[in-house]
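Report on the following structure.
The values are calculated or read from the model by the stated rules, or taken from the named source; none is laboratory data. The structure displayed is predicted, hence computed values, not measured ones. Virtual Cβ from ideal backbone geometry, glycine too; neighbours counted across all protein chains shown. What goes into the accessible areas is simple: the full protein's heavy atoms, side chains included, and nothing from ligands, DNA or RNA. Shrake-Rupley method; radii C 1.70, N 1.55, O 1.52, S 1.80 Å.
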Amino acid sequence: MNDSSAFPDGFLWGAATASFQIEGATTADGRGRSIWDTFAETPGNVLGGDTGDPADDHYHRYADDIALMRDLNLGAYRFSVAWPRVFPEGSGKPNRAGLDFYDRLVDTLLEAGIQPWATLYHWDLPQALEDAGGWPARETAHRFAEYARTVGEALGDRVSHWMTVNEPWCAAFLGHLDGVHAPGRRDAPAALAATHHLLLGHGLAAEALRSTGHPARVGLAHNQAVIRPHGARAEDVRAARRADGVRNRLFTDPVLKGRYPADVVRDLSGISDFSFVHDGDLDTISAPLDFLGVNFYSPETVAGSAEGLDPALVSGQGGAWLGADPEEVHVSQGLPVTHMGWEIDPSGLYDVLVRLAGESGDTDLYVTENGCAFEDTVTADGRVHDPDRRDYYEAHLRAAREALDAGVPLRGYFAWSLLDNFEWAWGYSRRFGLVHVDYATQERVVKDSGLWYAELARTGRFPDR
Ligand code: PNW
């Protein structure tokens, strides 16, 4: 592989979405309510009061969207299954009409020659299960495994790649500690219990998927943060260790090593005694993965104190993470940012791939999300000219290409996202798509970045500039 513009044969090119962010049709065919319906309908939680309707009305337009995926030359499509479509009340009797939607979706993908990659939990917990205690309650992990088995039995003859849980850190911490995601709780012990039960849910769901008799390749989509110490000061190094512990090792060590990291357990000892960990849980959680998905957007730099720093560069004050150094601050590198305010630094993707390859042995890695939001407009020529997004993709894919050269077993890449969509607490105000969506008319326009990506996916090499 000496040609640095080319990717290996068989490298998988995909794009990703999530059910709540694109489907709309939140009451169709017996879908139950999810925690994101409740959260978004509560004033003050989502910018502009946006909710899961209409989103991209993908529930009704999936066939057209698959035609777009074909135009983009995608080899794979990563979507998520909405648990409340399958189990409107979270458990009990499955809703056939809900499962039928995913049947149609998967069949249409296969007819188009596109591999379906399914995520089981991308944050839309049935509200009924939240009412029964949500992820801080252990039972939820068992309900998740039942749901995984049902979906695995229904789709496993055609879906071979499964991601159990998407970004457990976001689900546990943004949802239960910061309260900026559903269910909007602010309760540190609950966030840690949710962490464990999401990981246990992953392990139990992996067992359930593997017991269906269908060939199931099981992984999870993890958002490993890249955390760099601002300088060599002892307090910077310590702050980075603690932040890395709670953001990354708290999640990866149980899965990859079968244990919680001792330093993190110690840092958190005032908050939790980890008595939610039962005998055997860590064996379940650490069953070998068939692949590991990594979602990457932006690296972060932390300092152990604001002392001596340019105040203009200090972007977040202390205690940004549970268990963090009390004096910790986030430091801006002064790099260009996306519409999310996230700094653009592709070297972070290289670093995260090299690190995870080192920690997960020869497990196949996939980038299961990478992308950026910019303020796009459809211009008079009917196009969306988004050179910043194309540059973001190209720079990150060049970093991924370097990681391949460094020996990382990276097998594929999914752009986030196929379509502009509901960007959680930011509602429809942040556009991540390769395809522009006019929410009033539901008209789709492939952006220039999408045309560029289609060429890359077709040829497996960077298009000429
Ligand atoms: C991920 N953070 O979310 C999700 O998997 C996607 O659903 C989402 O649209 C995408 O990234 C872009 O945001 C994240 O605050 C949300 O660090 C928040 C954070 C990270 C990832």
Could you pull out the trypsin sites (Lys or Arg not before Pro) across the range 209-255 that fall in loop regions by DSSP (anything but H, G, I, E, B) with no more than 16 other Cβ atoms inside 10 Å?
-> 233
Give me the percent of the accessible area of the range 12-459 that comes from carbon and sulfur atoms, probe 1.4 Å, all protein chains in place.
-> 50
What's the longest bit of the chain with no exposed GluC sites (Glu not before Pro), using DSSP loop states and at most 13 other Cβ atoms within 10 Å as the test?
-> 1-306
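Where does the charge balance sit around residue 438 when Lys and Arg score +1, Asp and Glu -1, over other residues with C-beta under 12 Å from its C-beta? Don't skip to the end; give the middle numbers.
Numbers: positive: 431, 444; negative: 56, 57, 376, 420, 443.
Combined, the nearby Lys, Arg, Asp and Glu give -3.
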Keeping all protein chains in place, calculate the accessible area per residue for the chain (probe 1.4 angstrom), answer in Å².
-> 36
Given the candidates 12, 69, 49, the one whose Cα lies deepest towards the positive end of the charge dipole of the chain, counting +1 at each Lys or Arg C-beta and -1 at each Asp or Glu C-beta, is 12
Find the relative contact order for the range 12-459 and round it to a whole percent, using C-alpha pairs within less than 8 Å whose residues are 6+ positions apart.
-> 17
The answer for residue 305, listing residues at least 5 apart or on another chain whose modeled amide H is closer than 5 Å to its amide H, is 329
Can you give the helix-only mean residue ellipticity at 222 nm for the chain, where every DSSP H stretch with n ≥ 4 adds -39500 (n - 2.57) and the sum goes over all residues, rounded to the nearest 500 deg cm²/dmol?
-> -10500 deg cm²/dmol
Charge tally in the Cβ shell below 9 Å around residue 179, where Lys, Arg are +1 and Asp, Glu are -1, residue 179 excluded = 0
If Lys and Arg each add +1 and Asp and Glu each add -1, what is the summed charge of the other residues whose beta carbon sits under 9 Å from the beta carbon of residue 51?
-> -4
